[in-house]
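*Asks:* Here it is, the structure in full.
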Number of protein chains: 2
Amino acid sequence: MGGAKGKTREAIADAAASLFASNGYAATSVREIAREAGADPAMVIRHYGSKEELFLHTMQVQPGDALRFDEPWNTLGIRIVEYVLDADDRLRSVYLELIRGSDAGRIGTALSAAHEDNFVAPLVAVLPGPDAELRARLVAAMVGGLMYALWIVEDETLARTDRADVIARYAPALQGLITPDPAL
Amino acid sequence: MGGAKGKTREAIADAAASLFASNGYAATSVREIAREAGADPAMVIRHYGSKEELFLHTMQVQPGDALRFDEPWNTLGIRIVEYVLDADDRLRSVYLELIRGSDAGRIGTALSAAHEDNFVAPLVAVLPGPDAELRARLVAAMVGGLMYALWIVEDETLARTDRADVIARYAPALQGLITPDPAL
DNA sequence: GTCTATAATTGGATAGAC
DNA sequence: GTCTATCCAATTATAGAC
């Protein structure tokens, strides 16, 4: 882990990230990754063992991508919606490709882990009140729903809708699960 | 369209539906479908033109699967959540495989169409009040979120949670978008 | 560490006899 | 309508020279 030793190794990872993001897992070949990286197909396997390993190594939610759940609860719904709306292309494609590849055992596991680590667990940790775990899991589901509509179904009308309007309508639904409901 | 003429044709469709549902699009081969149907691989192509055509022909939301949107609005949120929770294996796998295959052009289009025809359009038609289209699209997103959490991520904890509790927590969020908000 | 060459499979789809 | 035989393209992954 140091210096310029793994130059081609990094080039392969970069090329893979770019191609997996653009064309998806199935449509990206090891040959194509090697060509893009200026390396040899054999090196791709030599460095990462298999195409799936390389995919899992590359398509990960980075530490910097994580949403902060430690600020005031009464605006958390808004911040969560903004997190999805403001996601950059890389983060977006990571989730998108994990979802699309979720039938392959390891990739499905990686998606479950990302969902659990990045949304469910932090939410469970901060949510006050009863049924915290259930509410956290349903909030996480709603986040997934926004990703689903915008990134998978590609609801263009929704994507073109004024950002503030989407937040004004969707965030309260999240907030309703975040703020403990005395009546329930 | 009658009689016992297309016997193998139907056998192929049935085998394809079963295999696509169990193993997904990519992992299912034309040869396997033929074997399961007791037919010849060539017949699969002869009848349906291509594997993708067969997939699109097979993995469709049937008329009987459709949710009714014409009953009283104040319980629509509950009925929508129940629709997802009560979905049978076939309907579930149709959505699941459309989502997973959504990077292939035609399949992605089919998913968008199913989403639009089965959720967004009927909702827009019945929702009263302002921003009906935006609210309909966000309700559809929430439905997708529940599918996402239960079927793609396979949140086992959520799946094991008491049905009534899930409804009690998630349906109000949908209902909040369905019932016009005078303050907005 | 790197590359050439190729193994070993598998896939979808077609041609043409019956 | 049906089946036999096969084509052709593409894949991941490996073996072994340099």
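Coordinate-derived values only; no laboratory data. In this text, all values refer to a predicted model and were calculated from it rather than measured experimentally. Reconstructed Cβ throughout: ideal geometry from the backbone, glycine too, with neighbour counts over all protein chains shown.
*Asks:* Just checking, how many residues over segment A:148-167 are part of a helix (DSSP H, G or I) and more than 7 Å from chain B (Cβ to nearest Cβ)?
*Replies:* Residues in segment A:148-167 being part of a helix (DSSP H, G or I) and more than 7 Å from chain B (Cβ to nearest Cβ): 9 in total.
*Asks:* In this structure, does A:A17 turn out to be without any contact (Cβ under 8 Å) to a residue 24 or more places away in the chain and either assigned to a helix (DSSP H, G or I) or more than 9 Å from DNA strand C (Cβ to nearest atom) (or both)?
*Replies:* Spelling it out, it is not the case that A:A17 is without any contact (Cβ under 8 Å) to a residue 24 or more places away in the chain and either assigned to a helix (DSSP H, G or I) or more than 9 Å from DNA strand C (Cβ to nearest atom) (or both).
*Asks:* Return yes or no: is A:R160 at negative phi, free of Cβ contacts under 8 Å to residues at least 24 places away in the same chain and in contact with a Leu (Cβ under 6 Å, 6 or more places away or on another chain)?
*Replies:* For A:R160, the condition - at negative phi, free of Cβ contacts under 8 Å to residues at least 24 places away in the same chain and in contact with a Leu (Cβ under 6 Å, 6 or more places away or on another chain) - is not met.
*Asks:* Could I ask something else about it? Can you pull out every residue in segment B:101-116 that is surrounded by fewer than 22 Cβ atoms within 10 Å (Cβ to Cβ), in contact (Cβ under 8 Å) with a residue 24 or more places away in the chain and part of a helix (DSSP H, G or I)?
*Replies:* B:R106, B:I107, B:A110, B:A114
*Asks:* Run down B:V124, B:V120 and say which single residue is under 18 Å from A:Y148 (Cβ atoms) and within 12 Å of another protein chain (Cβ to nearest Cβ).
*Replies:* That would be B:V120, the only listed residue that is under 18 Å from A:Y148 (Cβ atoms) and within 12 Å of another protein chain (Cβ to nearest Cβ).
*Asks:* Right, here's the next one. If you take the residues in segment B:22-52 that are closer than 17 Å to B:A104 by Cβ and more than 15 Å from DNA strand D (Cβ to nearest atom), which one is nearest to the other protein chains (Cβ to nearest Cβ)?
*Replies:* B:G24
*Asks:* Out of segment A:117-146, which residues are surrounded by fewer than 20 Cβ atoms within 10 Å (Cβ to Cβ) and under 19 Å from the mean Cα position of the chain (by Cα)?
*Replies:* A:D117, A:N118, A:A121, A:P122, A:V124, listed by residue number.
*Asks:* Something else about it: Give A:E82, A:E97 a once-over and let me know the one that is crowded, with 19+ Cβ neighbours inside 10 Å and assigned to a helix (DSSP H, G or I).
*Replies:* A:E97
*Asks:* For segment A:168-184, which residues satisfy the criterion of being of a type in the set (A, V, I, L, M) and either touching a residue at least 40 places away in the same chain (Cβ under 8 Å) or more than 10 Å from every other protein chain (Cβ to nearest Cβ) (or both)?
*Replies:* A:A171, A:A173, A:L174, A:L177, A:I178, A:A183, A:L184
*Asks:* While we're on this one: Which numbered condition trips up A:G145, out of (1) at the interface with chain B (Cβ under 10 Å from one of its Cβ atoms); (2) touching a residue at least 24 places away in the same chain (Cβ under 8 Å)?
*Replies:* In the conditions (1) at the interface with chain B (Cβ under 10 Å from one of its Cβ atoms); (2) touching a residue at least 24 places away in the same chain (Cβ under 8 Å), A:G145 misses (2) alone.
*Asks:* Out of the residues in segment B:81-93 that are within 14 Å of chain A (Cβ to nearest Cβ) and within 13 Å of the chain's Cα centre (by Cα), state the one that is nearest to A:A21 (Cα to Cα).
*Replies:* B:S93
Let's see how each residue does on (1) closer than 23 Å to A:D155 by Cβ; (2) of a type outside the set (V, I, T); (3) surrounded by fewer than 15 Cβ atoms within 10 Å (Cβ to Cβ):
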position	(1), (2), (3)
B:A34	no, yes, no
B:A37	no, yes, no
B:L56	yes, yes, no
B:F69	yes, yes, no
B:T75	no, no, yes
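*Asks:* Still on this model: Which one is nearest to A:L85 (Cα to Cα) among residues in segment A:31-68 that are in contact (Cβ under 8 Å) with a residue 24 or more places away in the chain and of a type in the set (V, I, T)?
*Replies:* A:V61
*Asks:* Quick one: would you say A:R135 is within 7 Å of chain B (Cβ to nearest Cβ) and over 22 Å from A:F20 (Cβ atoms)?
*Replies:* Yes: the conditions hold for A:R135.
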